[in-house]
């Protein structure tokens with residue numbers, strides 16, 4: 001799972017994920033169990049207006065203790081405050097975002113888009129006749145060297161006759 005997919009599964013921007021993982025002092029491993037826990041922690045933190053580290057701890061407990069098809073309840077020490085999480089509703093929303101992240105999310109391609117064509121191909125498309133170059137490249141290095149020697153003798157002879 002990439003950072004972009006991880007953020008899509010949580011329904012947040014990638015920068016939020018990086019900041020949250022740094023604040024929670026969690027290694028940056030983008031896997032599904034961490035995404036699930038962080039998604040629930042985000043919901044709890046927003047609903048209760050609590051700090052993310054406390055919500056992250058509660059989310060870990062909720063995922064460990066709750067049945068996926070039941071409500072999860074957490075009561076304060078004196079029973080005055082009760083936190084209820086509708087786990088089926090959470091898993092439905094999270095599952096939809098995760099499916100979208102894994103199936104539809106495409107990472108932006110870095111660098112040049114597409115494979116760059118060779119110089120010879122680009123020259124042919126531009127209209128340059130490359131047949132002489134191709135025929136020269138078919139020869140062995142020894143054949144090319146002897147051909148160069150013959151051409152140099154021809155040039156010397158032409159210069160001598162031009163005087």
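The values are calculated or read from the model by the stated rules, or taken from the named source; none is laboratory data. Values in this document were obtained by computation on a predicted structure and should not be read as measured data. All Cβ positions, even for glycine, are placed from backbone atoms using ideal geometry, and neighbour counts span all protein chains on display.
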Taking residue 13 and the conditions (1) crowded, with 17+ Cβ neighbours inside 10 Å; (2) within 17 Å of the chain's Cα centre (by Cα), which numbered condition does it fall short on, given that it satisfies the others?
(1)
Read through the list (1) over 21 Å from residue 93 (Cβ atoms); (2) in a strand (DSSP E or B), then give the number of the only condition that residue 18 fails.
(2)
Select from region 82-110 the residues that are farther than 20 Å from residue 10 by Cα and at pLDDT below 85 and list them in ascending order.
109, 110
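Going by the structure shown, is residue 45 crowded, with 16+ Cβ neighbours inside 10 Å, touching a helix residue (DSSP H, G or I) at 6+ places or on another chain (Cβ under 7 Å), modelled with pLDDT of 90 or more and more than 18 Å from residue 99 (Cβ to Cβ)? Break it down stepwise before answering.
Details: crowded, with 16+ Cβ neighbours inside 10 Å: yes; touching a helix residue (DSSP H, G or I) at 6+ places or on another chain (Cβ under 7 Å): yes; modelled with pLDDT of 90 or more: yes; more than 18 Å from residue 99 (Cβ to Cβ): yes.
Against the criterion (crowded, with 16+ Cβ neighbours inside 10 Å, touching a helix residue (DSSP H, G or I) at 6+ places or on another chain (Cβ under 7 Å), modelled with pLDDT of 90 or more and more than 18 Å from residue 99 (Cβ to Cβ)), residue 45 qualifies.
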A careful count of residues in region 23-78 that are farther than 21 Å from residue 1 by Cβ and part of a loop (DSSP other than H, G, I, E, B) gives 10
